[in-house]
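Below is one structure, written out as structure tokens, with a few remarks after it.
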Amino acid sequence: MPRRATLADIDVMAAIHAGAFPPPDAWSRDIFDLHLGQPNVFGLLHPSGGTIMVRFAAGEAEILTLAVLPDARRGGIGRALLRHAMALSASIGVQSVFLEVSVANAAAHRLYVAAGFVPVGRRPRYYTDRSDALVMRLDLEQCGEGHHRP
């Protein structure tokens, strides 16, 4: 079960991110510290090796990152993190959530589509590997009672 992350968790969050992404894309502890220290950002930590960070403002939220350690993938951790992040977002008045996902990351794309996210744009050569980012959106109110589907 994911729990709300605190500043005391930034080393763990950075370690998960470093294990989940190649070095050029992995976030440092300083990036986690910077984001998590902001009043309009929350993070969640899954004890089995996953983390998510969300920034919110004016009824909208952006998933800044979602990372699951490779050995823990395909066990529902990403889905649980996403579900809890969307419920928390809805509870603070967020109506829509945006994210960017690499077109090369088929597993993440499937996760987001299953959660009800739909493509709304594309950012060419957005990532360090030069892959495009697919911009996706989820309307929390369309999902019923502020919770997404999975």
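In the range 100-142, the qualifying residues are those that are at pLDDT 85 or above and hydroxyl-bearing (Ser, Thr, Tyr), and the one that is farthest from Pro22 (Cα to Cα) is Tyr112. You will find that of Arg110, Arg137, the residue that is free of Cβ contacts under 8 Å to residues at least 40 places away in the same chain and either closer than 20 Å to Pro2 by Cβ or charged (D, E, K, R) (or both) is Arg110 and no other. Inspection of the range 64-82 finds a residue satisfying the criterion of being at positive phi and surrounded by fewer than 14 Cβ atoms within 10 Å (Cβ to Cβ).
Taken together, the criteria place Ala87 among residues that are touching a Gly at 6+ places or on another chain (Cβ under 8 Å), touching a residue at least 40 places away in the same chain (Cβ under 8 Å) and over 18 Å from Ala57 (Cβ atoms). For the range 66-114, the set of residues classified as in contact with an Asp or Glu (Cβ under 9 Å, 6 or more places away or on another chain) and acidic (Asp, Glu) consists of Glu100 only. Only a single criterion out of (1) more than 20 Å from Met136 (Cα to Cα); (2) surrounded by 17 or more Cβ atoms within 10 Å (Cβ to Cβ) is not satisfied by Thr6, namely (2).
Scanning the range 29-45 for any residue that is charged (D, E, K, R), without any contact (Cβ under 8 Å) to a residue 60 or more places away in the chain and under 25 Å from Val120 (Cβ atoms) turns up nothing. When the range 29-46 is filtered for residues that are over 16 Å from the mean Cα position of the chain (by Cα) and surrounded by fewer than 14 Cβ atoms within 10 Å (Cβ to Cβ), the ones remaining, listed by number, are Asp30, Leu34, Gly37, Gln38, Pro39. Put simply, of Ser96, Ser89 the only residue that is at pLDDT 90 or above, of a type in the set (S, T, N, Q) and over 13 Å from the mean Cα position of the chain (by Cα) is Ser96.
The C-beta contact set for the range 1-21 (first residue closer than 18 Å to Arg83 by Cβ and touching a residue at least 60 places away in the same chain (Cβ under 8 Å), second residue of a type outside the set (D, E, K, R) and assigned to a loop (DSSP other than H, G, I, E, B), distance under 8 angstrom, 6+ apart or interchain) comprises Met1/Pro47.
Annotation note: of Ala58, Ala26, Ala18, the sole residue that is within 27 Å of Arg130 (Cβ to Cβ), among the hydrophobic types (A, V, I, L, M, F, W, C) and at pLDDT below 95 is Ala26. For the range 113-134, a residue qualifies if it is of a type outside the set (A, V, I, L, M, F, W, C) and in contact (Cβ under 8 Å) with a residue 24 or more places away in the chain, and the qualifying residues are Gly116, Tyr126, Tyr127, Thr128, Asp129, Ser131, Asp132.
The values are calculated or read from the model by the stated rules, or taken from the named source; none is laboratory data. Given the structure is predicted, the values throughout are model-derived calculations rather than measurements. Counting neighbours? That spans all protein chains shown, and the Cβs are built from the backbone with ideal geometry, glycine included.
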